[in-house]
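Report on the following structure.
The values are calculated or read from the model by the stated rules, or taken from the named source; none is laboratory data. No experiment lies behind these values; they were computed from the predicted model shown. Virtual Cβ from ideal backbone geometry, glycine too; neighbours counted across all protein chains shown. Note: accessible area is taken over every heavy atom of the protein model, side chains too, but ligands, DNA and RNA are not part of it. Shrake-Rupley method; radii C 1.70, N 1.55, O 1.52, S 1.80 Å.
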Amino acid sequence: MERQVAIIGAGISGLLACKYTLSKGFHPIIFEAKNTIGGAWTKTIETTKLQTPKAAYQFSDFPWPSSVEEGFPNQHQVFDYIQSYARHFDLLKHIKFDTKVVSIEYEGPPEEQMQSWSMWGGAGEPLVSSKGKWKVVAEDSPTLSTEVYLVDFVILCIGRFSDVPNVPEFPPNQGPEVFHGKVIHSMDYAAMDYQSAAEFVKGKQVTVVGLQKSALDISTECSIANGTKHPCTVLYKTEHWNVPDHLPWGVPLANFYLNRFSELLVHKPGEGFLLSLVATTLSPLRWAFSKFVESYIKKKLRLAKFGMVPKHSFLQEISSCLISTVPEKFYDNVEEGSIVLKKATSFSFCKEGVLVNGEVQPLKTDLVILATGFRGDKKLKDIFVSTTFQDYIAGSPNAAVPLYRECIHPRIPQLAVIGFSESVSNLYTSEMRCRWLAELLDGTFKLPSIKEMEKDVGSWDKYMKTYSGEYYRRSCIGALHIWYNDQLCKDMGWNPKRKKGFFAELFEPYGPLDYAAPS
């Protein structure tokens, strides 16, 4: 009997989901709203580069070509690499391009019956328990015609950083409607071709709102276009430990946060008494690691000179998956005056520009670019027809999105979410999740009870609250890559220890190639 799987999104997670479900004899169909693969890498700002060293951002069975010598490849190189992967494994024939999924609706037992289940899907198995189907309504973009597909399983790979912009809300008569200039979101800027983007900001007083990757890249491009004649103002709420590189004082950052020893220093979800005691005992070393990295960033970027030293620790930054690489000459541009940094706890619009922190004198501006992120949670919620499932996937407003193993909602049957929860290297993590999901679909293991899964989700949420502070709601496995992968490996029956020898296992950084083959 043919088992059909709908995969929504042909970014990295969608391609991986396709490859690994194929390997288990399933029949995947990928729905992609655009006319090409690549997700967030399809089109970026011109100066955008990979934020993770390429050694940690590669497919386990398809390494980077030798022709890519840079440690942090640019958008074209990453996009070519993803395309090569899809061609190599013959995945393109499974994709329906220009096809946007409008909604998904579960057709199975009544909701009252599902709410009484103690196991996922009724018996803890992905397909055979409830005998339900998902109705996927897809719209063909060129013709606007819709088609309905009935499938056995749905994998949502819709990403967090696209489509639904996070736009700040303003009181009446204080928003963009009163401003005589133009207001756009960073995704609108990224959608322009490079020449058009440069011409768009040329000769304008530009204000960029935000201090994460898009804000850094856009303000750098504005400074290149306009120099000191029309400085670009960056409004930010919080200083961040954005890194100049991944070699603090010459030591790879992975040695501090991506080996087993580093994970001994933090309290982990589901750890026993002994590991908890070790983490408590070694907490001074955890503090020292963070201070070591912070001292390098402060010195290299001259943060104190510009009043940009964060009040939180680097550990909190990396635990929140907030690490961004600063463009090479960003602070040189600040020093010369082509970029102006201005802290803004609040801002509003007026006719001439922007009013910051309630100041009377406006910041005169022609163009405001909102690099304020995306509402990935809203995109995830809105794809469901069922309001019950919408509430399930949204979870509590005081917690991360409630996914077991960051993939499965315990109360939504025959569905997985891949690529929503972040890590320091999203490709690496998505591949592990897709392999785990493929084994689950193939019957290699069963999930625990709904209560047990919800308890595990709660323990990860507690970890995030402990180490991520105000950013804990961001779905992210933080600085626990190996501990997280250990759980996946144990579920699949793999040996979680992938290195040769005690010292290598403890101190060598882990990466994608360590999981190239099951063992």
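Percent of accessible area on the stretch 397-445 owned by carbon and sulfur, 1.4 Å probe?
Within the stretch 397-445, the accessible surface is 43 percent carbon and sulfur.
Can you give me the angle between helix 450-468 and the longest principal axis of the chain, using Cα atoms only, in degrees from 0 to 90, rounded to the nearest 10?
Tilt relative to the chain: about 20 degrees.
Could you rank the peptides 382-391, 345-354 by their average count of other C-beta atoms within 10 Å per residue, with the highest value first?
Highest mean packing first, the order is 345-354, 382-391.
Take D61, D514, D80 and sort them by solvent-accessible surface of the protein heavy atoms, 1.4 Å probe, largest at the top.
On the way: D61 60, D514 40, D80 85 Å².
The residues order as D80, D61, D514, largest area first.
I'd like the isolated cysteines in the chain, meaning no second cysteine's beta-carbon lies under 4.7 angstrom from theirs.
Lacking a cysteine Cβ partner under 4.7 Å: C18, C157, C350, C407, C434, C489.
How much net charge surrounds E505 when only other residues with a Cβ under 9 Å from its Cβ are counted (Lys, Arg +1; Asp, Glu -1)?
Once positives and negatives cancel, what remains is +4.
Starting from the Kirkwood Rh over alpha-carbon pairs, what translational D in µm² s⁻¹ does the stretch 355-449 have by Stokes-Einstein at 20 °C and 1.002 mPa s?
130 µm²/s
According to the square roots a ≥ b ≥ c of the eigenvalues of the Cα gyration tensor, what is the shape class of the stretch 179-223, taking rounded for a/c under 1.5, prolate for a/b larger than b/c otherwise, and oblate for the remainder?
Working: a/c = 1.31, a/b = 1.05, b/c = 1.25.
It comes out rounded by the Cα gyration axes.
Accessible area per residue for the stretch 399-518 in Å², computed with a 1.4 Å probe and the full protein assembly in place, what is it?
35 Å²
Counting heavy atoms of the protein chains only and a 1.4 Å probe, report the per residue accessible area for the stretch 53-142 as a whole number of Å².
Each residue of the stretch 53-142 exposes 50 Å² on average to a 1.4 Å probe.
For K202, go through the aspartates and glutamates and keep the ones whose alpha-carbon is under 13 Å away, minus same-chain ones fewer than eight residues off.
E221, D366
If packing is taken as the mean number of other Cβ atoms within 10 Å per residue, what is the order of 481-487, 412-418, highest first?
Top of the packing list down: 412-418, 481-487.
For the chain, what is the calculated [θ] at 222 nm in deg cm²/dmol (nearest 500), taking -39500 (n - 2.57) for each run of four or more DSSP H residues and dividing by its residue count?
-10000 deg cm²/dmol
I'm a student and want to see the number: the projected area of the Cα convex hull of the chain, averaged over all directions, in nm².
The orientation-averaged projected area of the Cα hull of the chain comes to 25.3 nm².
What does the charge add up to near P310, with Lys and Arg as +1, Asp and Glu as -1, over the other residues with Cβ less than 13 Å from its Cβ? Don't jump to the answer; show the numbers that get you there.
Numbers: positive: K237, K291, K298, K311, K343; negative: E239, E294, E317, E470.
With Lys, Arg at +1 and Asp, Glu at -1, the net is +1.
Percent relative contact order of the stretch 425-495, based on C-alpha pairs within less than 8 angstrom and at least six residues apart?
RCO, the stretch 425-495: 43 percent.
For the stretch 221-232, in order, what is each residue's ³J(HN,Hα) by Karplus, 6.51 cos²θ - 1.76 cosθ + 1.60 with θ = phi - 60°, in whole Hz (x at glycine and Pro)?
The phi angles translate into 5, 5, 5, 5, 6, 10, x, 7, 5, 10, x, 8 Hz.
Please work out whether the stretch 86-146 counts as rounded, prolate or oblate from its C-alpha gyration tensor, where a ≥ b ≥ c are the square roots of the eigenvalues and a/c under 1.5 means rounded, while otherwise a/b larger than b/c means prolate and anything else oblate? It would help to have the intermediate numbers written out before the result.
Working: a/c = 4.58, a/b = 1.73, b/c = 2.65.
Oblate, since a/c reaches 1.5 and b/c is not below a/b.
In terms of the Cα gyration tensor, with a ≥ b ≥ c the square roots of its eigenvalues, is the stretch 389-519 rounded because a/c is under 1.5, prolate because a/b exceeds b/c, or oblate?
Numbers: a/c = 2.04, a/b = 1.32, b/c = 1.54.
Oblate shape, in that a/c is at least 1.5 and b/c is the bigger or equal ratio.
For the cross-link pairs K378/K451; K298/K343; K298/K329; K100/K378; K43/K381, which exceed 22 Å when the distance is taken from alpha carbon to alpha carbon? Walk me through the numbers before you get to the answer.
Numbers: K378/K451 26 Å; K298/K343 18 Å; K298/K329 15 Å; K100/K378 16 Å; K43/K381 25 Å.
From the list (K378/K451; K298/K343; K298/K329; K100/K378; K43/K381), the Cα-Cα distance tops 22 Å for K378/K451; K43/K381.
How would you order 177-186, 200-209 from highest to lowest mean count of nearby Cβ atoms within 10 Å?
Averaged packing, sorted descending, gives the order 200-209, 177-186.
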